[in-house]
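As structure tokens, the structure follows; a few thoughts come after it.
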Amino acid sequence: MKPLDAKISNPRMGGPSFPARHRLFRLAWTCVWVLLGRWTPVPLFAWRRFLLRCFGARIDPTARIYPGVEVWYPPNLAMAAHACLGRDVTCYNMDRIELGARATVSQGAHLCTGTHDVDDADFQLVTRPIAVCANAWIAAEAFVGPGVIVGEGAVLGARAVTFRHLDPWTIYAGNPARELRRRLEQDRPALPVRPGL
């Protein structure tokens, strides 16, 4: 769902960025997740997948969501086979976040699909999707900004920040993230990746 026109809703003066129906859905989701999901013991992956699916997320049966994960809007989350969201990951998914097969987002990382048009007097909310492709790794406490594609097998180092696409099979670190080197050939898994994510 697209954000409301800031000229009409005036969020800088306390107006909403999304319609009432959307906000009520998120309220219901937050209550369910806080009461029944976020705090649950580590082994209860199936239960957390179930809760997310009940609210519209597309989660492969082998994907892992650890305790403490925050998902802003479940219908905008898709996780392929063996994808992983580590403990305390924030999925601020005002737009789509897609994790490919065996993609890993480590503890405390932040995936943010929303920003504001700083040249707009009304500070219009702008959203862009994030894709973390197959076999990619977002390390602990890293930040991925709106519209970024993390290429297959790419690595974003701990506490790194990126607002740009990351090339496949390449390692990045720093703020802003800079290319360090290509991954070694032996780092690439021999397992086939299913079509799709």
Could you check what % of the DSSP bridge pairs in region 132-188 are antiparallel, to the nearest 5?
35 percent
Need one number: % antiparallel among DSSP beta bridges in the chain, to the nearest 5.
20 percent
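Round to the nearest 0.05 the FRET efficiency obtained for A121 and C31 when R0 = 35 Å and r is the Cβ-Cβ distance. Walk me through the intermediate numbers first.
On the way: r = 35 Å, r/R0 = 1.01.
The pair A121/C31 has a calculated efficiency of 0.50.
Need the full-extension length gain, V42 to N175, defined as separation in residues times 0.36 nm minus the C-alpha distance. One decimal, nm.
44.8 nm
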Taking only the alpha-carbon positions of region 6-181 and ignoring solvent, what does the Debye formula give for the base-10 log of I(q)/I(0) at q = 0.14, 0.16, 0.19 Å⁻¹?
-0.74, -0.94, -1.20
In terms of modelled amide H atoms, which long-range or inter-chain residues lie less than 5 Å from the amide H of R96?
I130
Note to self: C-alpha centroids of region 31-106 and region 109-156 sit apart, in Å, by 17 Å
Could you list log10 I(q)/I(0) for region 124-179 at q = 0.22 Å⁻¹, which the Debye formula gives when each Cα is one point scatterer?
-0.71
Output the relative contact order of the chain, whole-number percent, from Cα pairs under 8 angstrom with separation of 6+ residues.
13 percent
Please report, in whole Å, how far the alpha carbons of region 89-159 spread along each principal axis, starting with the longest.
41, 20, 15
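Readers should treat all values here as calculations from the given coordinates under stated rules, not as data from a laboratory. Just so it is clear, the model here is predicted, and its values are computed rather than measured. All Cβ positions, glycine included, derive from the backbone under ideal geometry; neighbour counts span all protein chains shown.
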